[in-house]
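Peer 1: Starting off with a structure, shown below.
The values are calculated or read from the model by the stated rules, or taken from the named source; none is laboratory data. Predicted, not measured: the structure shown is a model, and the values here were computed from it. FYI the Cβ positions are ideal-geometry reconstructions off the backbone, even for glycines, and counts take in every protein chain you see. Areas reflect the complete protein model, heavy atoms only, side chains present, ligands, DNA and RNA absent. Shrake-Rupley method; radii C 1.70, N 1.55, O 1.52, S 1.80 Å.
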Amino acid sequence: MPNSVGGLVLAAGKGTRMHSAKPKVLHELLDEPMLWHVHQALEPLLAHRFWTVLGFGADQVCKRLPEVTARCVLQHEQLGTGHALQCAWETLRAASLTHVLVVNGDTPLVPPQALSKMVHVALEEKAAVAFLSITLNDPRSFGRVVRSCNGDVAAIVEAKDYDRTRFGYPTGEINAGIYLLQLDAVGPLLGQLGNNNRSGEYYITDLVGLAKAAGHVVLAENVSAEGMDPEDAILYLGINAPAELVAAEEHMRRCIVTRWAAENVLIRSPDLVRIGPRVQLTPGAEIHGPCELYGQTTLARGALVMSHCWVKDATLESDTTLHPFSHVERAHLHSGAAAGPFARLRPGAVLEQGSRVGNFVEMKKARLGRNAKAGHLTYLGDAEIGPDTNIGAGTITCNYDGARKHLTKIGENVFIGSNTALVAPVHVGDRALVAAGSVITDDVPADALALARGRQVLKSKKPAS
């Protein structure tokens, strides 16, 4: 796409029909905000030559998507899509663009190839205003496309302002809300936008009629004219309500699962598997539904994720196993490692080659050495554990003193008995043995036996005579 074409994402609206305190564009599909998905569609086409108009909850959007901050325009009052374009106009002109592609921030499924084709056709036809349209059996509340007797586009009229006596019976062709505008032609028309309508807003759609009146070429690229399945109209329609969000997310989920299955990832119970758009899978990996994989999770060949697991930003190398009901976030399982069932691996957890954590083991910012084991009922936080070490059931690294976190270091081939508390900072040397039930507050030398528990006392149950 020519470097003279830039983009503008309209993302300032509140989205009252979502019934949520957060901006509509931050509602997520497969763990990523819908605005993020729109940006992903634009980046292959425009690189960084696009801006986002923010308004309601702008601070929340910038916090969730920091990359937006450098390329955003504020619309302090949300007075309509036309007003949003007016707010961004000077920024667009300063970027030395000839055309701007305008996309709504609530269309997370929009196909990049459709955008590219529309831009190509509009540039060829030298259109001042071009937009995507769709023909629906039920046009609902979308803006109606009005055509003249010869089939040329005459106007776009919002549904609530449509008058059959004036515009005729609607055909079902609606505006998808995606435009390509020639800056030199549209600039003089911006000041002519009015708000004499039922919403009292300035509509970007009014540019169609204004451009026609000024003698400019106006083009509508009807994507459904190519035999598009009616169900695929969801790709182009904005999300305005929770039910529409769920429908769009399910469409995306199904497409992603189908794509990975076609690339020879074994996905059992595929209808119950959710895979985020940034997840990377390798042929030969295996996933059992129901489960969820999000963020920058990667699964290598031979990695197995069993049912009822939740995984985000994690790395599972070859031949690793995640047993059922495990929760993993920002953790790394090296080749041959295993976790679960009911394991929780929190950020910074590392399982080295062949190591294993079992049921009800939690790790946070801890490294379990090669072939080391923590079988069950254990918390390992801020810990470094050497190879071939065994951590008994009920072991706790007491890493927090109320003010700071401290490190526990356990050497190689160490045996930690059950129900041991290691009060950090503390170091247990190689080949040491810590007796069950101990509370370790001092370092344990290599090859030592540590016992730190009260002496057992036996007394008669009978009262003294």
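Peer 1: Sum up the charges of everything whose Cβ sits under 11 Å from the Cβ of residue 6, counting Lys and Arg as +1 and Asp and Glu as -1, but leave residue 6 out.
Peer 2: Within the 11 Å Cβ shell, the charges total +3.
Peer 1: List the relative contact order of the chain as a percent without decimals, with contacts defined as Cα pairs under 8 Å and 6+ residues apart.
Peer 2: RCO, the chain: 8 percent.
Peer 1: Trypsin sites (Lys or Arg not before Pro), restricted to the stretch 92-152: which are DSSP loop and have at most 13 other Cβ atoms within 10 Å?
Peer 2: Those that pass, being in a loop and sparsely packed, are 126, 140.
Peer 1: Can I ask one more? Identify, among 311, 379, 339, the residue whose Cα sits farthest towards the positive end of the charge dipole of the chain, taking +1 on the Cβ of Lys and Arg and -1 on the Cβ of Asp and Glu, with the dipole about the Cα centre.
Peer 2: 379
Peer 1: Additional query: Reachable lysines from residue 22, Cα under 26 Å, same-chain residues fewer than 8 places away excluded?
Peer 2: 14, 63, 312
Peer 1: Keeping the other protein chains in place, figure out the carbon and sulfur percent of the accessible area of the chain, with a 1.4 Å probe.
Peer 2: Solvent-exposed carbon and sulfur of the chain make up 50 percent of the total.
Peer 1: If you take the square roots of the eigenvalues of the alpha-carbon gyration tensor of the stretch 347-445 and sort them as a ≥ b ≥ c, do you get rounded (a/c under 1.5), prolate (a/b over b/c) or oblate?
Peer 2: rounded
Peer 1: Scan the stretch 246-312 for GluC sites (Glu not before Pro) in coil per DSSP, keeping those whose Cβ has at most 16 other Cβ atoms within 10 Å, and list them by number.
Peer 2: Loop-located and lightly packed - 263.
Peer 1: Are there trypsin sites (Lys or Arg not before Pro) in the stretch 335-411 that DSSP puts in a loop and that have at most 11 other Cβ atoms within 10 Å, and which ones?
Peer 2: 404
Peer 1: May I ask you to give the solvent-accessible area per residue for the stretch 70-129, in square angstrom, as obtained with a 1.4 angstrom probe?
Peer 2: Normalised by residue count, the accessible surface of the stretch 70-129 is 43 Å².
Peer 1: Another question, then. I'd like to compare 63-70, 437-444: which one has the highest average count of other Cβ atoms within 10 Å, and what's the full order after that?
Peer 2: Sorting 63-70, 437-444 by mean packing, highest first, produces 437-444, 63-70.
Peer 1: Determine the shape class of the stretch 65-158: with a ≥ b ≥ c the square roots of the Cα gyration tensor eigenvalues, call it rounded for a/c under 1.5, and otherwise prolate if a/b is greater than b/c, oblate otherwise.
Peer 2: Since a/c reaches 1.5 and a/b is larger than b/c, the shape of the stretch 65-158 is classed as prolate.
Peer 1: Something else about it: Just to confirm, what accessible area per residue do you get for the stretch 398-465 at 1.4 Å probe, in whole Å²?
Peer 2: For the stretch 398-465, the solvent-accessible area averages 69 Å² per residue.
Peer 1: On to the next question. Using the alpha-carbon centroid of each, what span in Å lies between the stretch 50-127 and the stretch 265-283?
Peer 2: Value for the Cα centre distance between the two parts: 32 Å.
Peer 1: Per residue, how many Å² of accessible area does the stretch 279-331 show with a 1.4 Å probe?
Peer 2: Counting only protein heavy atoms, the per-residue value for the stretch 279-331 is 37 Å².
Peer 1: Only one of the values [x] 21.6, 74; [y] 30.1, 116; [z] 20.9, 69 was calculated from this structure for Rg and Dmax of the Cα atoms in Å; name its label.
Peer 2: Structure-derived value, by its label: [y].
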